[in-house]
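Shown next, in structure tokens, is the structure this report addresses.
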């Protein structure tokens with residue numbers, strides 16, 4: 001076959017491929033709003049520069065979808081506003097999407113924690129492209145470690161707030177720690193006995209942030225009673241502490257008896273424990289009789305008798 005014939009065959013093949021190639025989808029115009037308005041269309045097609053800039057033309061679908069204005073729609077808009085327009089091509093609008101910026105994610109987490117010394121390590125981050133907006137990671141959606149000191153990352157769910165307060169779900173797996181002070185037993189401490197200052201000491205440590213806020217102080221521990229024994233070196237946590245009572249069983253109680261203008265005071269012995277407002281059993285040390293009295297302070301109780309009695 002001659003050289004000229006080969007050239008003709010190549011040109012014919014190229015012509016056929018161009019004729020039967022699928023139509024190219026127009027590149028979409030990025031739009032960071034819920035609606036397409038006049039100025040958006042004018043930016044995409046200068047022929048629409050005479051459109052009122054704030055006129056509503058179409059709604060924009062959620063991120064990941066496109067809004068395409070087809071030629072009939074465009075010609076209708078042009079006719080409505082007396083705009084000369086030749087046969088146009090499709091015009092496409094969509095939310096711009098991008099991978100999450102790790103620095104912005106970390107900054108949002110720090111603001112949410114509000115613990116200046118907290119250390120946050122991103123182990124994994126949602127890879128789904130997100131629309132532009134404010135990143136939020138609320139602390140109530142932060143997971144907790146399965147065990148104290150565990151280095152396994154925890155899941156933290158968040159959102160990108162975009163448009164008219166829409167939310168695009170995102171997530172991250174993080175390792176977080178913050179300086180804290182733990183209260184540790186300096187010796188074995190029995191259950192039910194008041195904790196003495198010499199029996200505990202403070203130790204600097206690293207805690208998960210939510211746990212750091214729940215750590216105790218020595219002042220909160222001293223004088224309380226433990227629900228179960230604690231060995232030397234073990235940490236004292238809130239669940240170990242029994243709710244302190246204003247009167248404990250076996251305590252001496254200053255009893256005040258009131259009946260109209262009559263007023264009597266004596267010391268009794270508590271047979272049951274209680275806090276202010278509770279009724280407890282008190283033994284009269286002189287008669288050995290037991291009666292009910294209402295706790296009204298630390299080591300105090302009151303008995304109110306109607307005058308008719």
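Each row is one residue, and each column tells you yes or no for (1) outside any loop (DSSP other than H, G, I, E, B); (2) in contact with a helix residue (DSSP H, G or I) (Cβ under 8 Å, 6 or more places away or on another chain).
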| position | (1), (2) |
| --- | --- |
| 202 | yes, yes |
| 205 | yes, no |
| 216 | no, yes |
| 223 | no, no |
| 232 | no, no |
| 244 | no, no |
Unique match (being in contact with a helix residue (DSSP H, G or I) (Cβ under 8 Å, 6 or more places away or on another chain) and buried (at least 16 other Cβ atoms within 10 Å of the Cβ)) among 255, 195: 195
Failed criterion for residue 272 (all others in (1) in a strand (DSSP E or B); (2) at pLDDT 90 or above; (3) more than 30 Å from residue 140 (Cα to Cα) hold): (1)
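Restricting to segment 286-301, name every residue that is part of a loop (DSSP other than H, G, I, E, B) and farther than 15 Å from residue 275 by Cβ. Write out each step before concluding.
Here is the first cut: in segment 286-301, the ones part of a loop (DSSP other than H, G, I, E, B) are 286-289, 298-299.
Correct list: 286, 287, 288, 289.
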Cβ-Cβ under 9 Å pairs, at least 6 apart or on other chains, segment 257-285 side at positive phi, far side exposed (fewer than 14 other Cβ atoms within 10 Å of the Cβ) and not in a strand (DSSP E or B): 260/305; 260/306; 260/307
Residue within segment 138-150 that is touching a helix residue (DSSP H, G or I) at 6+ places or on another chain (Cβ under 9 Å), modelled with pLDDT of 95 or more and not assigned by TED's automatic domain parsing to the domain that holds residue 209 present: yes
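The values are calculated or read from the model by the stated rules, or taken from the named source; none is laboratory data. A quick note: this is a predicted structure, and the numbers were derived from the prediction, not measured. Positions of Cβ are generated from backbone atoms using ideal geometry, with glycine treated the same way; all protein chains shown enter the neighbour counts.
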